Each structure stands twice: as C-alpha cells, then as structure tokens.
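Notes follow the structure.
The values are calculated or read from the model by the stated rules, or taken from the named source; none is laboratory data. All figures in this text were calculated on a predicted structure; none of them were measured in a lab. Cβ placement follows ideal geometry from the backbone for every residue including glycine, while neighbour counts extend to all protein chains displayed.
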Amino acid sequence: MKLIFTQGPSINTRVVVALVVSVALMVFDHRQHHLEGLRSALAVLLSPLQVAINIPRNAGLWISENLVARSTLITRNQALQKENLLLQVHQQKLAALEAENMRLRNLLDSSFKIGDRVLIAELVAVDLDPYRQQVTVNKGSTSGIYQGQPVLDAKAVMGQVTHVNPFTSTVLLITDARHALPVEVNRNGLRTVAMGTGRIDVLELPHLPNNADIKAGDLLVSSGLGGRFPRGYPVAKVTSVTRNPGQPFALIEARPTSRLDQAREALLVWTLDSIQGLNLATEPDTPAPEQGDVLP
C-alpha cells in the first residue's frame, strides 16, 4: 500500500541546510564580490518598502505638526526670524574671515583648498548595536555618492559611506568598532586617532603616553590626515583621562559631539580634493583612491 503523503526532510535538517548555504554565500560574497550586483538589485527592490515603512511615521509627524496651536507657531516663527538674523550676521563675519584667510594662504603659497559642497540626506534606517553601528540614507550613486565619502550632521562628524546603492547608501558611524578617525586636540594640536568602541557615546584614544598634554573637556577635531575627512570639523570631547603609572599608555575616552542616536538628516560632503580624486580615478591607468580609515 502506497502512502498518500510522503514525509520530507525534518525541520532540523532544513535549518542546517539553510545555515550552510547562507554561510557559503556570505564567504563567497566576502572573497569574490560576485553578489554585488544582486545586493544592489535587492536594495533597489527594497527601496519602496523602506519608504512605505516610514509612511506611518511621516504621517504622524505631519498630523502632530499641523495640530500645533497658532500662537505657538507665531512665537516659534519670531524666534526663528531672530535666530536667522543672528546667523546672517555671523555668516557675514565668517565670509570676511574666510576671504582674509584665503588671501594670507595664497601669499604663503599654501595647498589649502576651500569650496566644500554638501548634500542633505534623510536617514531611512538605523542599526545601532555593539557589533555594528551604521545608518542608511536615502541618497545613492544616482546622486553622486561615493564609497568613503565623509558624512556630517549639523554639529560634527558622523562617519563615512561604506556601501553605495543606486538610491540608498550605508554610513558607518565613528562609534563603530571598525572605524578609526585621525583627530587632533583643538587646544594644542596634539594628534591621535579616535577609535570606535561599539558604544554610541564613547570613543577611545589609544596609544597616548601618560605625559600627553590632554585633559577632560578638550575638543577633538578632524586632523585631515589620510585625506578622507576635511580638517577642522568637531569630532568629540574628552570625558576622562586615566593615567596609570604601571601602564605605558593613558586610558582616554571621549564623547562624540554629533547626536548619532538622534539624527534624522545627514550632510554628505564633497571637498575639492575628493572631486579631483574622483576625476583622476576615471582616467585610464590611474590608481583607485584609498578606501579610508575603516579597520578590517
């Protein structure tokens, strides 16, 4: 007598097979990068889903904003007008200082270049855990985004682009354990490296001797070394300096000045150096640019 229903592989067998296939695909993609096209295609297909997921949130924000009382809106508008006036005054001062600084650097035959341009992008996904700290923005290769591009917010450095799809990009945050950023102490120019720890509010400054001139409250800014990040952008503030006479290096921690866990928008930055580098990369027999300060 034949069985009407034949029993297939068990659940455990199916799970093991799925895990083996998944690991094999991950290893194959990591070494050969043959699945890059498939990943980009999947990212394109999932872009509408990311937009759809944000529809309830955006709708809720729109409703809450439209329920604000008229008097509150008037007060806020007046405050914004005053703030805008002050910002315009500061902008005029900065423009004058920038022009004067440029004239002095030209006299010194400096290689300094200005003309940074930025593109505002919205965060569509956030992944903050101890093993991976990254966000996804709604700008990709169709907007000119490139791998290794520095990313800022309104206050400081956020991270850099590590993967580019046609309509979205992945940004590795400076707090990711794989990220390293050349910085200097704004007070005295002491150079070091800010290392991610996997914690959203902590960076480490390794390999500084116990007698290094650094203290809690010092502002760390990007040094520009490595050519990835523009110089002079705020990165973090030193929160603690522990000097142990029995150890060769001090234990130094800093807190990012960027609001990495609250940001809703990001600024993708192009500098003249990066633009020239991309132009050179498109010419024949020109080496590709370096990948940036991301630890393996």
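The figures follow:
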| quantity | calculated |
| --- | --- |
| So GLU184, is it at pLDDT 95 or above, among the acidic types (Asp, Glu) and more than 18 Å from SER40 (Cα to Cα) | yes |
| Residue match in the range 169-184 (condition: more than 15 Å from the chain's Cα centre (by Cα) and at positive phi) | no |
| Residue satisfying condition, being farther than 30 Å from VAL137 by Cβ, surrounded by fewer than 11 Cβ atoms within 10 Å (Cβ to Cβ) and either at pLDDT 80 or above or aliphatic (A, V, I, L, M) (or both), within set LEU19, LEU67, LEU49 | LEU19 |
| Every residue from the range 213-237 that is aliphatic (A, V, I, L, M) and in contact with a Lys or Arg (Cβ under 9 Å, 6 or more places away or on another chain) | ILE214, ALA216, LEU219, LEU220, VAL221, LEU225, ALA236 |
| So ILE214, is it within 18 Å of VAL171 (Cβ to Cβ) and in the same structural domain as ARG132 (by TED's automatic domain parsing) | no |
| Residues located in the range 47-97, provided they are charged (D, E, K, R) and more than 30 Å from VAL164 (Cβ to Cβ) | GLU65, ARG70, ARG76, LYS82, GLU83, LYS93 |
